[in-house]
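Here the structure is laid out as structure tokens; the discussion comes afterwards.
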Amino acid sequence: MLDIWSWICGLPYSTAWAESESPLIFTLASSSRSQDDSTQAIQLRAEMTLGSDSERLVIFKVYTQGFDLDDSQKTLWVSDACTLSSDKPFLPLFLQLLHEIITHSPTAQNSTCPRSQLQKLNPDPVAWIMDSHSPESFSSFFDLVFLMRLFWLCAFDAPSLVGSLYFSTTLGPNIEALTCKHAPVLRTFLKLVGVDAELCFMRTLGYMLAKWLILRELGVGLQAVTPVPRQHLGFAYATEAHGFWILKGYAPISAMKQTRSNGNTSFKFPIMEAKESVLRYALAHQQLEAVLQLEYSVEFHDGYIQVNARVDNLRFHVAKLGFNKNEDLEYADERHFPTRIRVWVGPEVGCNYVAGLSLGRSTNNGEREIEMQRNLNSNYGNSKIPKVKARARMTTKTKTKNWRWDQDVEGNAGVFDAVLCDNTTGREMATCNGGSGNSSLRNRYMGGNRPFTKTGGLVFARDEYGEGVGWRLSREMEGSVLKWRIGGQVWLSYWPNNVTSSYRETRLVEWCDEVDLPLISGK
């Protein structure tokens, strides 16, 4: 496993090293060529110089070696100078890495707003992140940041052989750095840098993971890499602020667990038609981004405390992890879409301070409006042919919606469940493969009755689903800050939208985290 931060902090920053002018080297990736016993390598080098007034400065450089016939060294990247006399000498390095990751992100270049270019990060919260976590936790996060910056170097500024070496010998063996080890620092970082920088950072991470998963499926030198469960490659975190509980989740589509498919789901292109291979490749470069926002309140009564929660906003977006808005126009409207959302919220498991849980919605009993009209025509008198006629007409009106909402309980947790249904047959979309008879979701991003936004997203607000749940707690809990859990499951399905293909599937991701519930009177 890489430990770049420990190597940087452990360098012998002495005057003798500065005077020798010899760099110290950390090998990021290397491989040997059997034909001539030469070595190909990606290296991080530290060089010390003396500035004005004999001030010691350190510069870091990323080199490649052995990829050309002349075996020459080439510089890919140079850091800003780090002043060793500073109390945080490597803060400029960390800020530079973060800023360059964000500015290379697809979001930073393809934003809707023409004034959305991000400014440089504020150094104060970044410096606080360095100080507020243990050296082990921060070291893991720094390695993640460096791997992401190195990814952009290999993708844009290096030959393909360099990128291949990076994926097989650097990113692959260190893929665990992208999972739970960096979560505490990543959570703090995302909370402090703001939502715009957060999107850029997480789409860079999603794009890198998507590339790695595709290459792994293709078997490009990654077969021997220790497998990491796909569901561990997503990330989610929860926060509490201003009467809101918010859970944000990110998951590359190809990292989600597959629950339903009508055929082979690998990316092994030789066994497919070229057109379907391009479709699968485009679908693999997508990421689910979700925001589960619940509004909560606390009321103090004689003898008990009432805690209420209701849905304020549930937002789901399937983002494209690409750079050019006009590329792959044939597949521009091909993406996965939500077919079921399950959100739960409630106290920690095993608690004994909850006296009761109340739901705000009963099971829906479908209503039908029946309109009956009777007409009677008659003719009286002396007539051999009676002119008595009767006519009856009955009209039935049924109200249908694309989404069915249910409430349920799971222990002391309240559950909000939304299922996408065919508005003509009532069939749940997540449980079927979208055969030829199910055409209601063709052109699903167009028209006035579309169930999704024009960009393929989905938003539920309180006007759509405003009912909530409530808990009664012992008054003895007043003054404490409890841990409340919030989580969600999202099913995404793919059916062809504007192309002809037999490929259909459903995937699932699950997130869960804890938020604070302050039981303080007057808060």
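Where a number appears in this text, it was derived from the coordinates with a stated rule and is not lab data. Source: prediction; values computed, not measured. Virtual Cβ from ideal backbone geometry, glycine too; neighbours counted across all protein chains shown.
Odds and ends about this structure:
- Net lengthening on full extension, residue 19/residue 80 (0.36 nm per residue, minus Cα-Cα): 20.0 nm
- Long pairs among 248/483; 320/401; 257/483; 211/275; 248/454; 257/320, criterion Cα-Cα beyond 24 Å: 320/401; 257/483
- Charge sum, other residues only, whose C-beta stays under 9 Å from residue 493's C-beta, Lys/Arg counted +1 and Asp/Glu -1: +3
- Calculated SAXS-style log₁₀ I(q)/I(0) at q = 0.23, 0.25 Å⁻¹ - the stretch 465-523, Debye, Cα scatterers: -1.04, -1.09
- Backbone N atoms of the stretch 182-208 closer than 11 Å to the 7 Å Cα→Cβ label point of residue 244 belong to residues 195.
- Descending by average beta-carbon neighbour count within 10 Å, the peptides 295-307, 244-256 line up as 244-256, 295-307, the highest first.
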